[in-house]
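Beneath this line is the structure, given in structure tokens, with notes to follow.
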């Protein structure tokens with residue numbers, strides 16, 4: 001962290017072996033900035049009662065999805081987390097690090113969205129958790 005000559009607050013990132021100088025936030029990719037924001041949100045010391053993550057994989061490099069899954073699992077130990085994703089690797093990563101995971105898969109057929117494995121007369125395959 002540093003104060004710029006114009007009095008504004010700025011961040012600089014250091015990484016061994018990357019460059020000879022620190023990087024400013026403006027030099028980082030959208031995916032890197034988005035991942036850093038997910039780290040801050042998921043590791044907050046005072047999480048909300050419910051976190052809903054809508055497509056957290058957006059703009060992230062696929063190699064980061066296992067690390068994101070681990071961050072989500074860490075947050076889920078302290079709060080309820082719901083994740084909406086199109087990324088199968090993220091789902092697999094979550095299944096690998098979180099043993100109490102409920103996966104609801106949707107598919108679209110003839111313009112209608114259906115819960116996979118459930119017919120019109122079935123009860124939902126999930127239940128709201130007890131508090």
Sort through 62, 56, 45 and tell me the only one that's out of contact with any helix residue (DSSP H, G or I) (no Cβ under 8 Å at 6 or more places or on another chain) and closer than 27 Å to residue 25 by Cβ. 45
Qualifying positions in the range 40-63 - farther than 27 Å from residue 107 by Cα and crowded, with 16+ Cβ neighbours inside 10 Å: 42, 47
If I ask for residues that are in a helix (DSSP H, G or I) and touching a residue at least 24 places away in the same chain (Cβ under 8 Å), which ones from the range 42-63 would you list? 42, 62
Can you tell me how many residues within the range 28-39 are without any contact (Cβ under 8 Å) to a residue 24 or more places away in the chain and surrounded by 12 or more Cβ atoms within 10 Å (Cβ to Cβ)? 4
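Quick test for you: out of 23, 18, pick the one residue that is in contact with a strand residue (DSSP E or B) (Cβ under 8 Å, 6 or more places away or on another chain), surrounded by 10 or more Cβ atoms within 10 Å (Cβ to Cβ) and modelled with pLDDT under 90.
23
The values are calculated or read from the model by the stated rules, or taken from the named source; none is laboratory data. These figures come from a predicted structure and were not determined experimentally. Methodologically, a virtual Cβ is constructed for each residue, glycine included, from the backbone with ideal geometry; neighbour enumeration extends over all protein chains shown.
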